[in-house]
1. Any idea how many residues of the range 84-100 are part of a helix (DSSP H, G or I) and without any contact (Cβ under 8 Å) to a residue 12 or more places away in the chain?
2. Looking only at residues in the range 294-306 that are farther than 30 Å from Gly211 by Cα and not acidic (Asp, Glu), which one is farthest from the ligand (Cβ to nearest atom)?
3. Against the conditions (1) crowded, with 24+ Cβ neighbours inside 10 Å; (2) out of contact with any strand residue (DSSP E or B) (no Cβ under 7 Å at 6 or more places or on another chain), where does Ala117 fall short? Just the number, please.
4. From the residues in the range 102-122 that are within 16 Å of the ligand (Cβ to nearest atom) and assigned to a helix (DSSP H, G or I), which one is farthest from the chain's Cα centre (by Cα)?
5. Just to be sure I understand, how many residues within the range 143-178 are on the phi < 0 side of the Ramachandran plot, at pLDDT 95 or above and part of a loop (DSSP other than H, G, I, E, B)?
6. Is it true that Tyr270 is within 15 Å of the ligand (Cβ to nearest atom), modelled with pLDDT under 95 and of a type in the set (Ser, Thr, Tyr)?
7. Residues of the range 90-101 being out of contact with any Asp or Glu (no Cβ under 8 Å at 6 or more places or on another chain) and away from the ligand (no atom under 16 Å from the Cβ), which ones?
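The values are calculated or read from the model by the stated rules, or taken from the named source; none is laboratory data. Values in this document were obtained by computation on a predicted structure and should not be read as measured data. Cβ placement follows ideal geometry from the backbone for every residue including glycine, while neighbour counts extend to all protein chains displayed.
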Amino acid sequence: MRYLITGGAGFIGSHLADALIARGDEVTALDNLATGSLENVRHLEGNPAFQLIVGTILDPALVDQLMADCDVVVHLAAAVGVKWIIDNPLSSIQTNIRGTEIVLEAANQHKRTVLLASTSEVYGKNGHGPLSEDDDRVVGATSVSRWLYATTKACDEFLALAYHREKQLPVIILRFFNTVGPRQTGQYGMVVPRFVKQALLGQPLTVFGDGQQTRCFTDVQDAVRCVLALADTPKAIGRIFNIGGSQEVTIQGLAERVIAMTGSTSEIVYLPYEQAYEKGFEDMRRRVPNTTRLRETIGFAPDSDLDTILRRVIDYFQK
Ligand code: UDP
């Protein structure tokens, strides 16, 4: 089968391309290289099963042409990273809303299966225990830029579900929870690559807020396995799935672990949110996925432990 991966030179996209090619599928990666990078797919250069198209999902003719040539599309191209979103609000909205509409419309024209990347951000400030797919979204004011990510991805989900209901387009929605691994950059805000880099350079680890907020980090390889299994499961169509790890950790605890695992002499410093991001910034205190639906549908859920995940990231940065 030929897969079109929008955002195929990005962090998750490039790992997905590797896994698809390893199992004998073909991949066309469409990427504008805004946050993706040629480095992520350099090792696939010259592989006949892989082609990279440098272009944008905002180009309807290009998307239509690539859609015609593929069997399944995994739509990962999006503005990502809290820092990136805050620094680039306008292009983030355009990419996430107009871009997704163009991809879904082309998929509908050619009746292709769509796996749409969404995010745990859509739950917003709902911090009540493990979050299930049908739980409420609690997002803040429009004056707080962070919420535009949650809101645009929620619009993407509505759009995909509407195409499914009204046009019978086969769509599967993937809500990724803090996916981490090699090739992820800390440039756009992601905490794990930032802490690992700071620790290896002997710089202070910058914990934002009081460090008591929690996350469940998800190994990118686990996430990719889930995506492939969902793509091959007809009963997944028309549904939303949390894709997230099970080990909850505070950000302070994460910083301490990174320091211990790297043997770093770095200290931890605490930065107020408004200094780290912008005035009025709001964070979520707790973000834990309920992955019952995923387990019931494909038989497994991400289960790599945090130390294994961190070890892979540390090894990557050390290389
Ligand atoms: N964070 C931090 N220091 C950093 C980057 C992020 O303390 O250098 C915090 C951030 O405020 C959040 C958590 O780490 O509470 C995870 O941040 P990330 O941007 O990786 O993902 P998010 O869960 O916010 O989407």
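1. 2
2. Of the range 294-306, the ones farther than 30 Å from Gly211 by Cα are 295-300.
Then drop every residue that is not not acidic (Asp, Glu), which leaves 295, 297-300.
Working: Arg295: 23, Thr297: 25, Ile298: 24, Gly299: 27, Phe300: 23 Å.
Across the range 294-306, the extreme among qualifying residues is Gly299.
3. (2)
4. Val122
5. So the count comes out to 3.
6. On the way: within 15 Å of the ligand (Cβ to nearest atom): yes; modelled with pLDDT under 95: no; of a type in the set (Ser, Thr, Tyr): yes.
When the stated conditions are applied, Tyr270 does not pass them.
7. Within the range 90-101, Leu90, Ser91, Ile93, Gln94, Thr95, Arg98, Gly99, Glu101 qualify.
Here's the yes/no breakdown for (1) within 16 Å of the ligand (Cβ to nearest atom); (2) buried (at least 21 other Cβ atoms within 10 Å of the Cβ):
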| residue | (1), (2) |
| --- | --- |
| His128 | no, no |
| Val138 | yes, no |
| Thr142 | no, no |
| Tyr149 | yes, yes |
